[in-house]
Structure formats: C-alpha cells, structure tokens
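A short write-up of the structure that comes next.
The values are calculated or read from the model by the stated rules, or taken from the named source; none is laboratory data. It should be emphasised that the depicted structure is a prediction, and the values quoted were computed from it without experimental measurement. All Cβ positions, glycine included, derive from the backbone under ideal geometry; neighbour counts span all protein chains shown.
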C-alpha cells in the first residue's frame with residue numbers, strides 16, 4: 001500500500017478554503033482593499049474544479065491498480081460507497097429533517113420537494129441544469145457530488161476496457177468532447193446555469209486529472225513542452241478576466257462561463273503536474289505539506305458537506321444577538337471565521353460518528369492492492 005501523499009492533502013486544503021471563501025466572505029466594497037478581497041473571495045468557486053482534477057487523478061490511479069484484480073468492480077464500488085454515501089446521507093437526512101421542521105417558506109419547501117429525487121439519487125445537477133431551479137442553500141452545493149458520482153459510474157469501465165497505452169489519449173478525447181458540449185450548448189442559446197451544472201460539460205476536470213494519472217502509471221509523467229504551455233495560457237486568461245471584471249463570473253454569462261470552466265482545469269492540472277514532479281524538499285511540496293493546510297485537506301469532504309448548514313447556523317444564532325458586533329466588513333470577517341470554525345467542528349463530529357466507522361470497513365475491501373489516496 002502506498003503512503004498517502006501529504007502534498008495532495010494540501011491541494012485538497014486549498015480547494016476547500018477557496019470554496020469556503022466564496023460562500024462565507026462577503027465584504028462591502030468600501031475601499032480598494034475591501035474591493036479586492038471581495039473579488040478574490042468571489043473567485044473561490046474555482047475550488048470545485050480543483051476537486052474535480054484531483055478526483056480524476058486519484059480515481060484513475062486506483063482503477064489502473066485494480067485492472068487485473070478479481071472482483072475489481074465490487075472492490076471499487078464498495079470502497080467508494082463506504083467513502084461517500086454514509087456521510088452524504090447522514091447530512092442529507094438531518095438537513096431535510098430540519099428544513100421541513102423549521103422552514104416556513106412554502107415556495108422554498110416546494111422547490112426542495114422537487115429536488116428530492118435528484119438529491120437522493122445524485123442527479124440534482126441535472127435538475128438544476130435543465131429546470132433552472134436549485135434547492136435550498138443548505139443543499140444547493142451537493143450538485144458537485146452528483147457530478148462526481150456520475151463520473152464514478154462510467155469512468156471505471158472505460159479505464160478497464162482500454163489498453164493502458166491508449167488511456168491518456170482517451171482522456172484527451174474526453175476533454176475535447178467536453179469542450180465541444182460547452183460550445184454546442186452556448187451556440188444553442190443555453191443558459192449559463194445549464195452549462196455550469198451539466199455533467200458532460202464538467203468532465204474536463206476529471207479528464208485532465210485522469211490524463212496525468214495515465215501518464216504517471218506508464219512512467220511517462222514528464223510532458224512535452226507544448227503541453228506545459230496550456231496551464232500558463234489558462235492562468236493568463238483567468239487573470240485577464242479577473243482584472244477586467246473584478247470577478248470570475250462563472251454563472252452570469254454563458255460564453256464566458258464556458259471558457260472559465262474550461263481554463264480552470266488546465267490551470268489546476270498544471271499545479272498538480274508541478275506538484276507530482278517536484279522533489280520532496282522543494283518549496284512547492286513544503287508549502288503544500290504545512291499541517292494546517294493538510295488538516296483542511298484531510299477533512300475536506302466533511303467540511304464541504306456541512307459548510308452551508310454551518311453558515312446558516314451562525315447567521316441564525318449569532319447575528320441577531322449581537323447585530324452591532326457583526327455590522328460592517330469587520331463583522332463580515334468575524335462571521336466568516338465563525339462559519340469556518342463551526343464547519344470544522346461539524347465535520348469532525350460527522351467524521352467521528354459516521355465517516356470513521358465506514359472507513360474502517362472500507363479498508364477491509366481489497367486492501368492488498370488499493371492505493372491509499374482516495
């Protein structure tokens with residue numbers, strides 16, 4: 001069993017902190033500094049794309065390792081189910097219980113009921129893409145987990161069906177197909193939300209991660225120079241959009257959103273690539289292996305699940321009691337800090353009560369050949 005790569009935990013930590021920033025930190029533009037901080041926080045939605053790239057890389061490595069194993073499908077899906085489902089359904093069940101007990105808005109409750117089948121079966125993103133509706137705030141973010149689960153359904157069979165020498169090429173084909181889907185939806189007049197949530201338009205992150213995993217498994221991780229140019233161009237494009245608009249408006253303009261969500265996987269693929277190539281004592285690996293960043297990375301799944309509920313809890317319990325304390329930008333920063341602390345506390349509780357027992361059972365399934373990465 002391979003040792004856990006702490007640098008990848010650091011990348012997970014960056015991803016979850018970006019998501020927390022965009023959902024928690026809401027400053028009023030009272031001056032240049034607050035304007036820039038608010039703009040940077042709004043750009044934190046790209047953390048989801050970093051999660052997708054990491055997932056594509058890690059899952060593809062696991063699948064390649066299982067290629068010749070008997071019962072590979074049972075091993076893979078059993079371990080994935082124990083990793084994802086207990087915590088997911090625990091959070092979903094408690095959230096729905098509280099929503100239907102405490103929320104009085106009939107419209108919000110009706111929207112949540114319409115999304116129940118998608119929430120239960122990991123199809124919420126499809127409803128959001130085609131119906132233009134989203135569930136309540138506490139459940140809205142689960143769309144990305146739906147995309148991941150749909151990826152887990154199809155990707156293993158492609159990896160096991162293809163010869164190892166063709167897997168990297170297949171990843172590039174998936175990447176091109178994903179971009180073609182975005183272009184087709186944009187030209188057909190689809191809403192920005194449809195392009196952002198639809199499964200086939202979000203596969204590029206997984207494809208980039210899978211491409212790096214395929215190259216690594218063949219011992220050919222180092223890429224030709226022409227490939228290294230793609231992350232640089234993607235980063236320059238994202239920077240240009242950010243400086244010109246003071247944000248990265250992923251769901252506000254369909255065409256620009258399609259370009260942004262195509263550039264972010266390339267940027268994060270480049271970051272992952274440099275991390276994998278870097279020697280153990282390099283500055284990049286040392287930065288990614290700091291303890292607090294690794295902590296957020298290790299518990300990123302639980303934090304992601306509970307963070308919107310934590311935000312609602314903080315707003316419900318703290319803001320009405322001390323309105324003067326939480327007024328203005330300093331109050332917004334305090335609220336964000338409280339939201340992060342409550343998210344971590346709830347994630348640790350979820351891990352202790354639900355995830356840890358499931359993970360102990362998960363480690364008994366195919367432990368001899370599995371990679372300790374997922």
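Remarks
- For the stretch 197-206, a residue qualifies if it is surrounded by 24 or more Cβ atoms within 10 Å (Cβ to Cβ) and under 14 Å from the mean Cα position of the chain (by Cα), and the qualifying residues are 197, 202, 203, 204, 205, 206.
- Residue in the stretch 123-134 that is in a helix (DSSP H, G or I), at pLDDT 85 or above, under 23 Å from residue 313 (Cα atoms) and out of contact with any strand residue (DSSP E or B) (no Cβ under 7 Å at 6 or more places or on another chain) present: no
- Residues in the stretch 236-246 that are farther than 12 Å from residue 259 by Cα, assigned to a helix (DSSP H, G or I) and in contact (Cβ under 8 Å) with a residue 24 or more places away in the chain: 242 alone.
- Filter pass, residue 360 being within 30 Å of residue 210 (Cβ to Cβ) and either outside any helix (DSSP H, G or I) or out of contact with any helix residue (DSSP H, G or I) (no Cβ under 6 Å at 6 or more places or on another chain) (or both): yes
- Flag if residue 50 is within 30 Å of residue 218 (Cα to Cα), part of a helix (DSSP H, G or I) and touching a residue at least 40 places away in the same chain (Cβ under 8 Å): yes
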